[in-house]
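*Asks:* My structure is below; once you've seen it, I'll send some questions.
The values are calculated or read from the model by the stated rules, or taken from the named source; none is laboratory data. Everything numeric in this text was worked out from a predicted model, so none of it was measured. Methodologically, a virtual Cβ is constructed for each residue, glycine included, from the backbone with ideal geometry; neighbour enumeration extends over all protein chains shown. Side chains are part of the model used for accessible areas, which takes the heavy atoms of the whole protein and leaves out ligands, DNA and RNA. Shrake-Rupley method; radii C 1.70, N 1.55, O 1.52, S 1.80 Å.
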Amino acid sequence: SVVIEPTLKCNAKCPYCFEKGVGYNDLDEGSADNIVNYIIDNSAQRQVHITWFGGEPLVHPEIISYICKKLRDKNVRFYSTMITNGYLLDSNIENFERWNLKRIQITLDDLFEKFDSIKNIAPNSFIKIIKNIHKAMRANIKVSIRVNFNSENYANYKNIIKFVFDEFKNNVNLYFH
């Protein structure tokens, strides 16, 4: 199992982000080649699980494609999962198969305008992310929804559960942190 950060850049501005103030660099091809070589040297004919993390990994999808192609060219068996805010899923769905993407985790800290004010991605980003979750599910990607809760949204957790169940039924994994 390997966790790879394609970039530390992010399109959201979450107030709780632990990466606030770090250098926002992208993974370059030279470093990606080193990662591929490390995986090859240490996989020993086992299937490799890659988790794409960041920043927001979908801000730099080219390097994900680059690494996946290199692994495929070397006949390395792998599958991947991703921790993402979900905003850029729709522009990357065509890559999911090449990335052997099986599962995504998306954080929904609250609902609608409150979510938008926490993430600060764009107006109506909550609606777009909900639509993107449906698109990912239609592409056979398993979805886990994580809710970060604190004193500000704790009272709303029942509404969040109800919304997720009404919207997705039992087709997503929902958990609170």
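*Asks:* When you scan the range 13-42, how many residues do you find that are part of a helix (DSSP H, G or I) and either open to solvent by 20 Å² or more (accessible area, probe 1.4 Å) or aromatic (F, W, Y) (or both)?
*Replies:* First pass over the range 13-42, keeping only residues part of a helix (DSSP H, G or I): 29-42.
Checking the rest, the ones that are also either open to solvent by 20 Å² or more (accessible area, probe 1.4 Å) or aromatic (F, W, Y) (or both) come to 29-31, 33-35, 37-38, 40-42.
Number of matching residues: 11.
*Asks:* Identify the residue in the range 143-170 that is more than 27 Å from K102 (Cα to Cα) and among the aromatic types (F, W, Y) and, among all such residues, is least open to solvent (accessible area, probe 1.4 Å). Give the derivation first.
*Replies:* Going residue by residue through the range 143-170, those that are more than 27 Å from K102 (Cα to Cα) are 150-159.
Then drop every residue that is not among the aromatic types (F, W, Y), which leaves 154, 157.
Numbers: Y154: 122, Y157: 76 Å².
If we take residues in the range 143-170 being more than 27 Å from K102 (Cα to Cα) and among the aromatic types (F, W, Y), then Y157 is least open to solvent (accessible area, probe 1.4 Å).
*Asks:* Looking at the range 48-65, I want the residues that are within 10 Å of V2 (Cβ to Cβ) and touching a residue at least 60 places away in the same chain (Cβ under 8 Å) and have a partner that is among the hydrophobic types (A, V, I, L, M, F, W, C) and open to solvent by less than 20 Å² (accessible area, probe 1.4 Å) with Cβ atoms under 9 Å, at least 6 apart or on another chain. Which pairs are those?
*Replies:* none
*Asks:* Pairs please, first residue from the range 69-82 and within 13 Å of Q47 (Cα to Cα), second anywhere and of a type in the set (D, E, K, R) and assigned to a helix (DSSP H, G or I), Cβ atoms under 9 Å, 6+ apart in sequence or on different chains.
*Replies:* Pairs found: V76/K70; F78/R72.
*Asks:* Tell me yes or no: at least one residue of the range 127-142 is among the small types (G, A, S), in contact (Cβ under 8 Å) with a residue 40 or more places away in the chain and either outside any loop (DSSP other than H, G, I, E, B) or loosely packed, with under 15 Cβ neighbours inside 10 Å (or both).
*Replies:* Of the residues in the range 127-142, the ones among the small types (G, A, S) are 136, 139.
Those still in the list that are in contact (Cβ under 8 Å) with a residue 40 or more places away in the chain too: 136, 139.
Then drop every residue that is not either outside any loop (DSSP other than H, G, I, E, B) or loosely packed, with under 15 Cβ neighbours inside 10 Å (or both), which leaves 136, 139.
Yes - at least one qualifying residue is present in the range 127-142.
*Asks:* With the requirement that a residue be closer than 14 Å to L89 by Cβ and aliphatic (A, V, I, L, M), what does the range 133-164 give you?
*Replies:* Those that are closer than 14 Å to L89 by Cβ and aliphatic (A, V, I, L, M): I133, A136, M137, A139, I141, V143, I145.
*Asks:* Since V3 meets every condition but one in (1) open to solvent by 80 Å² or more (accessible area, probe 1.4 Å); (2) outside any strand (DSSP E or B), which condition does it not meet?
*Replies:* (2)
*Asks:* Pull up the range 32-68, narrow it to residues that are within 21 Å of the chain's Cα centre (by Cα) and among the hydroxyl-bearing types (S, T, Y), then point me to the one that is nearest to N95 (Cα to Cα).
*Replies:* It comes out as S65.
*Asks:* Of these, Y157, Y175, which one is more than 15 Å from L58 (Cα to Cα) and either in contact (Cβ under 8 Å) with a residue 60 or more places away in the chain or not in a helix (DSSP H, G or I) (or both)? Break it down stepwise before answering.
*Replies:* Working: Y157 fails: either in contact (Cβ under 8 Å) with a residue 60 or more places away in the chain or not in a helix (DSSP H, G or I) (or both).
That would be Y175, the only listed residue that is more than 15 Å from L58 (Cα to Cα) and either in contact (Cβ under 8 Å) with a residue 60 or more places away in the chain or not in a helix (DSSP H, G or I) (or both).
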